[in-house]
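Engineer: Quick one: this structure, given as structure tokens, is what I'll be asking you about.
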Amino acid sequence: MTTKEKNFISVVIYIHNAEERIATFLEVMISVMEKHFEHSEIICVNDYSDDDSVHVIKKTAQKAKTASITILSMSYFHGLEAAMNAGVDLSIGDFVFEFDNTVLDFEHDMIMEIYSRALQGYDIVSAVPDRKEKFTSSLFYRVFDYFTDLSYKMSTESFRVLSRRVINRINSMNKMIPYRKAVYANCGLKTDRIEYKVRNDMHGKTDAREKKYRAGLAVDSLILFTEVGYRFSKVMTVLMMCMSIFMIVYSIVIYTSFHPVAGWTTTILVLSVAFFGLFGVLTIIIKYLQLLVDLVFKRKHYSFESIEKLT
């Protein structure tokens, strides 16, 4: 007889037009939860699906005996991040599994392996497929890693488990979480990742709304959580200030060495000095905006991993 885990486990699944995969995926979740845990809940976040996903979930949920099944239906299409935030806020588990899609490309035992790793003192443990990343995803993560000072390397993740401690800390750090993985990497708690061999190279279908949302999310994340926008703005500001200085010197040389049209030198000097001052002000504004972004989205006042009392 298998001894079941006492921890309450929540499973949050993002669903958007997944009627072809959700039945099999949900059956696996029910089976694993009821086999290994005394108490568990499964929250299906329906992000405004326009297919039969909800009907399939209700039909599959009838197979559950001890696990609690909940459907959280969004009032309109929110996108992955906001929808998953709603699901996690609703969860009550000691540990919360986050499944960003319903692609079942891993062995079922991987769920318990991730959970066991979390019990070893890790607040966030992610499951990473060994498949080659898409070019766009790989480019995004490279740029993200290059323009941040995080030791945590971003990559494509299939799912992850969070402790209640990390959820409470994230909620205290941010009222709004625009990109969960970046916030998790910034929380200061212990994280780990386990790579698994892809069982079958499945890919979830994405519609036009999801593609547009992901593109916008990538741009927003780079601006909010990295120094891409600040460095680009700083380089362009310095470049334009140098051009203004060049025009000032050029207009003085023309005035002293040649005979320009009356008023030309004065006009160029006024415009060059004005642009130089304008870009100087923009540099200060950009720095202030970067500080605001750091304070609101990227950093908290202090961050620690643990407290150990020796006496």
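Engineer: For region 128-145, name all the residues that are of a type outside the set (D, E, K, R) and more than 16 Å from the chain's Cα centre (by Cα).
Structural biologist: Applying the first criterion (of a type outside the set (D, E, K, R)) to region 128-145 yields 128-129, 135-141, 143-144.
Scanning region 128-145 gives Pro129, Phe135.
Engineer: What are the pairs with Cβ atoms under 9 angstrom where one residue, in region 43-55, is under 19 Å from Met29 (Cα atoms) and the other, located anywhere, is of a type in the set (Asp, Glu) and open to solvent by 30 Å² or more (accessible area, probe 1.4 Å)? Sequence gap at least six, or different chains.
Structural biologist: Going by the 9 Å Cβ cut-off, the qualifying pairs are Ser53/Glu19; Val54/Glu19; His55/Glu19.
Engineer: With the requirement that a residue be aliphatic (A, V, I, L, M), modelled with pLDDT under 80, under 25 Å from Leu289 (Cβ atoms) and out of contact with any Gly (no Cβ under 6 Å at 6 or more places or on another chain), what does region 198-250 give you?
Structural biologist: Leu224 - this is the single residue of region 198-250 that is aliphatic (A, V, I, L, M), modelled with pLDDT under 80, under 25 Å from Leu289 (Cβ atoms) and out of contact with any Gly (no Cβ under 6 Å at 6 or more places or on another chain).
Engineer: I'd like to know if region 150-158 contains one or more residues that are open to solvent by 10 Å² or more (accessible area, probe 1.4 Å) and closer than 25 Å to Glu5 by Cβ.
Structural biologist: Within region 150-158, one or more residues are open to solvent by 10 Å² or more (accessible area, probe 1.4 Å) and closer than 25 Å to Glu5 by Cβ.
The values are calculated or read from the model by the stated rules, or taken from the named source; none is laboratory data. What you are looking at is a predicted structure, and each value in this text was computed from that prediction instead of being measured. Positions of Cβ are generated from backbone atoms using ideal geometry, with glycine treated the same way; all protein chains shown enter the neighbour counts. Please note that ligands, DNA and RNA were not included when accessible areas were found on the heavy atoms of the full protein model with its side chains. Shrake-Rupley method; radii C 1.70, N 1.55, O 1.52, S 1.80 Å.
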